[in-house]
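Student: Here it is, the structure in full.
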Amino acid sequence: MASRATPFSAAGVRGFFHQGHGAAARGLVLTHGAGSNCEAPLLMETARAFAAAGFSVLRCDLPFRQARPTGPPQRGSAAGDREGLRHAVAALRERVRGAVFLGGHSYGGRQASMLAAEDPAVADALLLLSYPLHPPKKPEQLRTEHFPRLRTRALFVHGTADAFGTIAELETAIALIPAPTQIMRIEGAGHDLRRGRFDLAAVAKALLGEKD
C-alpha cells in the first residue's frame with residue numbers, strides 16, 4: 001500500500017508529509033538539489049519507500065526554493081537553507097517519538113551534512129544522495145571542508161557515473177570523517193540516480209545500520 005503524501009506547512013517549512021506504515025516511531029527529513037524542489041521524482045520515490053519501511057517522512061523545499069520557484073540558490077543563501085533544515089527537523093520531531101534522520105539529494109545533502117557538522121545533535125544519521133563532492137570537471141574544488149568536524153553517521157548513495165565525484169574520490173574524501181560512514185554504489189547511475197536500478201528498501205535498512 002503506497003503512502004499518501006499530505007501538504008505540510010510550519011514556521012519556515014513547506015513540503016509534504018508521508019505517514020510511515022506501522023507505529024512509525026522514526027522519521028526522515030528529505031530535501032532536494034540546487035536545480036529542483038521537493039517534488040523531484042527521486043525524492044517522491046524515496047519518501048514512499050521509506051514510509052513503507054516504517055519511517056514518517058517530511059520531504060521539504062529549502063528556503064531558497066520557497067523564495068522563488070526556479071533557479072539555483074543565490075550566493076549567501078546556504079546558511080538560511082541550513083536553518084530551514086533545522087526547522088524541518090524540529091517540526092518532524094513533534095510527530096515522531098524515536099530517531100530522526102536527515103538527508104537530501106546533491107546540494108540538499110551537502111547542506112544537511114554541513115548542519116550536522118555544526119550541530120551533531122540535529123540528526124541521528126545522514127542520508128546523502130549523490131553528494132556533490134566537486135563541480136563537474138573541477139576535482140580540485142572539493143566540498144569537504146566540514147568533513148573532519150562531522151560526527152554523525154552518514155550513508156552515501158552514489159552512482160558510478162556521477163560527474164560530481166567518482167566512487168574512488170568519494171572513498172578518499174570520507175576518510176576525513178571521524179564518524180562511521182558507508183557508500184552504497186549504484187552501478188551505471190549519474191548524479192540524478194535515475195539510470196541506476198537500486199533497492200530503496202535496502203537503503204532504508206542501511207540507514208538504520210541494519211544488514212541483510
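Every read-out reported here was derived from the displayed coordinates using simple, explicitly stated rules and does not represent laboratory data. Predicted, not measured: the structure shown is a model, and the values here were computed from it. With ideal geometry, Cβ positions are generated from the backbone for all residues, glycine too; neighbour counts draw on all protein chains shown.
Student: For semi-axes √(5λ) of the Cα gyration tensor in Å, pick the label among [x] 23, 20, 17; [y] 33, 20, 17; [z] 26, 21, 18 that corresponds to the value derived from the coordinates.
Tutor: Given [x] 23, 20, 17; [y] 33, 20, 17; [z] 26, 21, 18, the structure-derived one carries the label [x].
Student: Could you give the length gained by full extension between Gln141 and Ala67, i.e. 0.36 nm per residue of separation minus their alpha carbon distance, to one decimal place? All intermediate terms of the calculation are to be shown ahead of the outcome.
Tutor: Values: separation 74, 0.36 × 74 = 26.64 nm, distance 2.79 nm.
Length difference between fully extended and current span is 23.9 nm.
Student: Give me the distance in nm between label points sitting 7 Å out from Cα along the Cα-to-Cβ direction at Arg97 and Thr160, one decimal.
Tutor: According to this spin-label approximation, the distance is 4.3 nm.
Student: Right, something else. Determine the percent antiparallel among the DSSP beta bridges restricted to the chain, to the nearest 5.
Tutor: On the way: 11 of 36 bridges.
Taking every DSSP beta bridge within the chain, about 30 percent pair in antiparallel fashion.
Student: With 10 angstrom as the radius, rank Asp119, Asp124 by how many other C-beta atoms surround their C-beta, starting from the fewest.
Tutor: Neighbour counts put them in this order, fewest first: Asp119, Asp124.
Student: Let me ask another. Could you tell me whether segment 151-200 comes out rounded, prolate or oblate from its Cα gyration tensor? Rule is a ≥ b ≥ c as square roots of the eigenvalues, rounded for a/c under 1.5, then prolate if a/b exceeds b/c, otherwise oblate.
Tutor: Verdict is oblate for segment 151-200.
Student: Treat every Asp and Glu Cβ in segment 27-124 as -1 and every Lys and Arg Cβ as +1, leave all other atoms uncharged, and give the resulting dipole magnitude about the Cα centre to the nearest 20 debye.
Tutor: 100
Student: Counting other beta carbons within 10 Å of each residue's own, what order do Met184, Met114 fall into, fewest first?
Tutor: Met184, Met114
Student: Specify the inter-centroid distance of segment 88-122 and segment 138-212, based on alpha-carbon positions, in whole Å.
Tutor: Between the Cα centres of segment 88-122 and segment 138-212 lies a distance of 17 Å.
Student: Based only on other Cβ atoms within 10 Å, what is the fewest-to-most ordering of Arg195, Arg153, Arg68?
Tutor: Arg68, Arg195, Arg153
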